[in-house]
Structures are given as C-alpha cells and as structure tokens.
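Report on one structure; see the data block that follows.
The values are calculated or read from the model by the stated rules, or taken from the named source; none is laboratory data. Being a predicted model, the structure only gives us computed values, none of them experimental. Neighbour counts are summed over all protein chains in view; Cβ atoms, including those assigned to glycine, are modelled from backbone coordinates with ideal geometry.
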Amino acid sequence: MTLYASRIIGTGSAFPETRRTNEDLSRMVDTTNEWILERTGIQERRIARKGDPTEFNSSLGHRAALRALEMAGKTPDDIDAIIYATCSPDTLVPSTACWLQQKLGARRAWATDINAACSGFVYASTIADKFLRSGAHQTILVVGAEVLNTFVDWQDRTSCILFGDGAGAAVFERTEADNPRRILSTHLQSDGSLWDVFHTPAGGSALEVTHDVIERRDHKMKMKGKEIFKIAVKTLADFAVRALEANNMTLKDLDWVVPHQANLRIIEAVAKRLDLPMSKMIVNIERYGNTSAATVPTALDEAVRDGRIQPGQTVLCDVFGAGLTYGSMLLRW
Ligand code: UT7
C-alpha cells in the first residue's frame, strides 16, 4: 500500500535583466522580426550578462528558489534534497545544485544535477516525487534553469532565434496518498538513437574544445529544427494521452497544459491534434523564448501567481528535449 504522495506547495521564477528582441537578432544574423514572430511566436528573450555572478545559472536558480520557498512557507533548512535540471551548468564540477545549496545555506540537503535538456524539470520532478512517495524525504527543491546563451551559436540563424535564459523552481512536499491535491502520475521515456537531431559535439570528454573545434563551431549547439518539430508534436500529444489513460481520465478532465515552450507553432499543433483549445495551453514563449529546462517551471509559476491555476484543477506538464527525452507529469493543484 502506498502511504505517501507528493505535491507542489511553492513555485518561483527568475530571469536575467537584459532583453534581446528580434530586432536585436536581425542585427546579428540574416533574419527579421516578422520571420521569427511568424515561425516561432517569440518576440524577445532574456540573456544573462557574461561574467556577472548575479546572473550565473545558480544565481538565477537561487532567486527562483527563494520565491518558491517563500510561497511554500519553508526555509532552506527544511530542504532534504535539491535536484537541479540543467544542461548549461555553472561548472562541470561541482554541480550547479551544489552551488545553489551553498547560496541557499541548505546545509541538511543532498544536491545533484540532472541533464535531460528541455525535459529536465519533469525528470527532476519525477525523482523528487519518488523520494517523497517512498517516505524517504519530506521536502525537496526542484529547479529547472539555464544560461544557454554560452552554448547557442549566435552565427546560426536557424537555431539562435529560439533560445533564452531563465530559471524556475518548485518546492515539493510529502503528503498523504489520498490527498486529492497531489502529483497524479509521471511518465518518462528517452530515445538515444535520435541524439543527432540536437547535440553539442564538443565540450565533454568525447571531444575537447581546441582551436580547430572552435573554428568548426563544434562547441556550439547543432539542431535539426524541422525534424525535432515533427517528433515534438507527436510525442507531446502521445504523452498527454498516456498520462490521462494512466489516470482513467479524458482530455475533458484537463484544466491546463503546461507544455515545453520550444515554438508556439508546436504548441498550437499539439492543441489541434488533441482537440484542446489554445486557451488551455499555458504559454510564455513570446517573452522568454525557449529556456529549455526552465520553460515548464516558469510558465507554471506565472499561471499559479496570476491565478489562472486554481486549487483542485488538473494540470499536465508535457515535455520533450535533446537526447531525445520525453516526459509528462500530471498533477492536481
Ligand atoms: O527544445 C528545443 C528543441 N528545438 C526545437 O523544438 C525546434 C523545433 N523546430 C522549430 O522550431 C522550427 O523548425 C524552426 C523555427 C527552427 C525553423 O522553422 P521552419 O518553419 O521549420 O523553417 P525552415 O527550417 O523550414 O526554413 C524555412 C526557410 C528556409 O529558407 P528556404 O530554404 O525556404 O529558402 C530557411 O533558410 O526559412 C529560412 N530561415 C530563416 N529565415 C529568416 C531559417 N531560419 C531563418 C531565420 N530568419 N532565422
């Protein structure tokens, strides 16, 4: 018998100050505001200032975490674990989670990073849910945060228009298994055979960053946009159905979908495929672009704080990312 479940009791988000508009991008690569807006729905994104310690990944994560803790009515001392989803860590070692632990002074916690690219927040949340359901922990801080601008190829107009920096956080708490307001299910799946539709060739142990690598720009992200687009629409729709079926629910039971924000047209295509109105899709891509692991927790935070998401409503977080990775988390708020 399962004794416990988990629920989110606080959310928070934070973004760098600097806005980069489509007009700004049109001065960097051969593109236009009209093209970006029409093909992606993005108007602007935030870019962390290089070398500014107040805008490191862990610093944005810190600001988001403090807001989430405040909403949750918790202090850093309450945190048993910090699970930090990112593919743009402050440093390879220590983990960004440990940098955040130090900033928070969360002395009791263990802390680790999870890299599932844009799916990271749902992967990290799933791990948190399992630790809480097992009874091992009481309170877990989950962060999804990126400073992607270091890894984006600002000379490649087919990818650079999409990405931005930001951080979102959620405080998960153990609750009774029969609490209606809980995580209802999580589903994860990866397909490593599709690694080449989105990858960064160099910078890991497989390929060191050398002068040649830099000249080939192999230290920057490579993306096959059209291919990912098709896979994303199919898998986001499939994972929504899978989550609902696992809970004996139908699409009518869904109040909100918080999809990964990679392209507004992907979100629209998923809504169409599922026959859901766009008014149920929570979207913030126009202001922030694709912030990878941060898209879902920041959009969730926004909708919680502005009162769209109300207690008792059913919310689906639905994601895909490099790997490729896919996942969903269905919850009752
Ligand atoms: O979590 C991240 C995972 N990544 C994604 O989910 C990305 C998913 N894919 C996409 O969002 C879209 O495929 C893109 C936004 C990347 C591209 O949009 P598209 O509608 O698929 O454009 P396309 O690649 O079919 O290109 C159409 C045309 C091409 O010109 P020709 O060959 O028709 O003459 C491109 O060269 O648009 C051109 N183009 C651009 N033009 C102006 C490509 N990028 C740009 C640009 N500005 N930035």
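List of remarks:
- Subset of region 1-59 [among the aliphatic types (A, V, I, L, M) and closer than 18 Å to G144 by Cα]: I8, I9, A14, I47, A48
- In region 152-188, of all residues being of a type in the set (S, T, N, Q) and within 16 Å of the ligand (Cβ to nearest atom), the one that is farthest from R305 (Cα to Cα) corresponds to Q155.
- Selection within region 256-273 - surrounded by fewer than 19 Cβ atoms within 10 Å (Cβ to Cβ) and more than 16 Å from F163 (Cα to Cα): E268, A269, K272, R273
- Among the residues listed as A128, A124, A116, A145, the single one being buried (at least 24 other Cβ atoms within 10 Å of the Cβ) and closer than 30 Å to D30 by Cα: A145
- Among the residues listed as T314, T298, T291, the single one being more than 16 Å from the ligand (Cβ to nearest atom) and touching a residue at least 24 places away in the same chain (Cβ under 8 Å): T314
- Here G312 qualifies as at positive phi, surrounded by fewer than 24 Cβ atoms within 10 Å (Cβ to Cβ), at pLDDT 95 or above and of a type outside the set (K, R).
- Helices (runs of 4 or more DSSP H) lying entirely in region 1-76 (those with 2 or more residues that are away from the ligand (no atom under 16 Å from the Cβ)): 57-72
- Subset of region 102-148 that is small (G, A, S) and either over 21 Å from the mean Cα position of the chain (by Cα) or at positive phi (or both) - its residue that is farthest from the ligand (Cβ to nearest atom): G135
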